[in-house]
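The values are calculated or read from the model by the stated rules, or taken from the named source; none is laboratory data. Every value quoted in this text rests on a predicted model; they were computed, and no experiment measured them. Positions of Cβ are generated from backbone atoms using ideal geometry, with glycine treated the same way; all protein chains shown enter the neighbour counts. The protein model used for the area step is the full one, side chains on, heavy atoms only, and it has no ligands, DNA or RNA in it. Shrake-Rupley method; radii C 1.70, N 1.55, O 1.52, S 1.80 Å.
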Amino acid sequence: MTSRHPKGLPILFFTEMWERFSFYGMRAILVLYLTQETLGSNPGMGWTNTEALALYGWYTMLVYVMSIPGGIIADRWLGQKKTVFLGGLLIAAGQFSLAVNDVTMFYAGLVLLITGVGCLKPNISTMVGGLYKEGDSRRDSGFIIFYIGINIGAASAPLLVGYVGEEIGWHYGFGLAGIGMILGQVVYIWGQKHLKEVGNFVPVKKIEGTKKNAPLTKIEKDRVIVLLISFIIVIVFWGAYEQAGGLMNLYTKEKINRIVFGYEIPASLFQSVPAFFVIIFGTIVASFWAKRNLKGKESSSLFKMAIGTIVMGTGFLMMSGAALEAGDSGKAMLIWLILSYLLQVLGELSISPVALSFITKLAPVKYASIMMGIYFAATGLGNKLAGLVGQLAQNAGELEVFTGIFIFCLLFGALLLVFFKKLKTLTHGAEDTVKNDT
Ligand code: GLN
C-alpha cells in the first residue's frame, strides 16, 4: 500500500469524489423534496411516500443501467476520457435544472443526471484500471484509494446538501450538488496533463494482436464468462446492501433508540455512517487481504467476494437481533445498527473495490468500458431488488426479512466458496502479478 501510485490517481480520486458528492447529495434530498407539501416556506412536490419511493427506485436503477450505453459510447466512439468529461457536463446541467423551481425542468434534470452518470461512472472506474499495466500489484490498492475518495463524497454530501436543502431551500440544495460537480470538472480539466496515457479512444484495428472485428480468443471468452457470473454476486450483494437507504433507514427512524446523552440523533444522519466506515476501514481491509496474499494464502477476487457476501450478510443478523429486542412496539439499542453497518461495510470492502479492479484485469481491451457498464447495470438491478425486498418487509415483517437476507447471503457465499476454484481457472491467471510494487 505504501508504494507510489501514478500521478493520474489523485486526479481521478478528486473528480469522482466530487461527482459522488453531487450524486449522494441529490439522492439524500430527492425523496424528501418529492414528499414535501406544496405549500409552506420550503414547498416540495406533494407526492405520497409510495409515489416518491417508486420514482426513487427507478432513478437509482436507471442511473446505473445507463452505464451500458455509457460504456458503448466510450468503446466505440469517444474513449473513456472524453466520455467522462461529457458525463460531468450532463450531470452539472442536470443538477442546475433541478435547481430551477419548475416541473418540466425537474424531469429534464433527472434525464440529464441519468445519462450523465451513465457516461461518467463506469468510464472513470475503467480509467483507474488503465493507470496500471497488466500484472501491476498496485492495482488493487489503487482501487481501494479511489473507493475511499468515493466515500468522502458520499459521507459529506448528505450532511451538507441535506442541510442546505432542508433548511434553506430544496433548489439551493440541488444547486450545491451542481457546484460540487463543477469542482470535479475543474480538477479533471486541470489534471489532464497526468492523464495523457489513459482513457484514449483505441480503434479496434490498433489493439495489439487483433484484426478488425476479430472474434474473441478462447481465453478472452472464458474471462468474459467468469465476469458475467461474478455479476450475479453483485446483484445479490447490492440487493441486500442497498436496504440502507430504504428499509434500514425507516427502521432506524421508527424502532432504534437514537437518544445519546439526552439528544435524539436524526435518522438521516445515520445514512453517512457506512461511508465513514469505508474511509476508516478501507486500507485496513485491503492490507488484511494483501498480507494474506503475501503469506501465499487464498486471496483471489472471487474468494474475497464470497467472504464479503457472508460478512455483509452477518450484518443483517445484527438487525435480526434489533428486531427481536424491539418486538412489535418497543425500541432496540443503537449498537445493533452500528454493528450491522460495520459488518456490511467490511463485506463491501471485500467486494466493491475488488470487483472494479477484477473487471479491469479480465475484460478484453475492446470491451473494457462495456464490461464495466454491465457491472454497474448489475448494481442498478441490485438497487431495484433492494427496493422490492424493502417493500416485502412491509407485509412479511422486519425480523423475517432481516433473517431471510442473512440466511440467503450465508448460503450464497458458501456456494461460492465451493465453486470459486472452478471459476478461478476460467480467469487463466489474470490475477497473477508479474512485478512487485514498482
Ligand atoms: N457506493 C459505491 C459508489 O457510489 C458503489 C455503488 C455501486 O456500485 N452501485 O460508487
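Which number in (1) open to solvent by 50 Å² or more (accessible area, probe 1.4 Å); (2) over 20 Å from the mean Cα position of the chain (by Cα); (3) of a type outside the set (V, I, T) marks the one condition that L228 misses?
(2)
On the basis of being away from the ligand (no atom under 16 Å from the Cβ), out of contact with any Cys (no Cβ under 8 Å at 6 or more places or on another chain), more than 30 Å from Y33 (Cα to Cα) and not in a helix (DSSP H, G or I), does E197 make the cut?
The answer is yes for E197.
Among the listed residues V100, V63, which satisfies the condition of being modelled with pLDDT of 95 or more and under 14 Å from G373 (Cβ atoms)?
V63
Check L399, L426, L392 and return the single one that is open to solvent by 40 Å² or more (accessible area, probe 1.4 Å), of a type in the set (A, V, I, L, M, F, W, C) and closer than 19 Å to V234 by Cα.
L426
Going by the structure shown, is K421 open to solvent by 60 Å² or more (accessible area, probe 1.4 Å), under 16 Å from V226 (Cα atoms) and away from the ligand (no atom under 16 Å from the Cβ)?
Answer is yes for this residue.
Select, from N101, N151, the only residue that is open to solvent by 70 Å² or more (accessible area, probe 1.4 Å) and among the polar types (S, T, N, Q).
Testing whether each residue is open to solvent by 70 Å² or more (accessible area, probe 1.4 Å) and among the polar types (S, T, N, Q) leaves just N101.
Looking only at residues in segment 241-259 that are over 23 Å from A157 (Cβ atoms) and either touching a Ser or Thr at 6+ places or on another chain (Cβ under 8 Å) or modelled with pLDDT of 90 or more (or both), which one is nearest to the ligand (Cβ to nearest atom)?
The selected residue is K255.
Name the single residue, out of those in segment 311-329 being open to solvent by 30 Å² or more (accessible area, probe 1.4 Å), under 17 Å from E398 (Cα atoms) and in contact (Cβ under 8 Å) with a residue 24 or more places away in the chain, that is nearest to the chain's Cα centre (by Cα). Talk me through it step by step, then tell me what you get.
Filtering segment 311-329 down to residues open to solvent by 30 Å² or more (accessible area, probe 1.4 Å) leaves 311, 314, 317-318, 324-325, 327-329.
Checking which are under 17 Å from E398 (Cα atoms) leaves us with 314, 317-318, 324-325, 327-329.
Narrowing further to those that are in contact (Cβ under 8 Å) with a residue 24 or more places away in the chain: 314, 317-318, 324.
On the way: T314: 20, L317: 23, M318: 23, L324: 30 Å.
Ranking the candidates gives T314 first.
Picking from L356, L337, L343, which residue would you name as being more than 12 Å from the chain's Cα centre (by Cα) and either within 12 Å of the ligand (Cβ to nearest atom) or free of Cβ contacts under 8 Å to residues at least 40 places away in the same chain (or both)?
L343
When you go through (1) at pLDDT below 95; (2) more than 15 Å from F23 (Cβ to Cβ); (3) surrounded by 23 or more Cβ atoms within 10 Å (Cβ to Cβ) one by one for G165, which number turns out not to apply?
With respect to (1) at pLDDT below 95; (2) more than 15 Å from F23 (Cβ to Cβ); (3) surrounded by 23 or more Cβ atoms within 10 Å (Cβ to Cβ), G165 is out only on (2).
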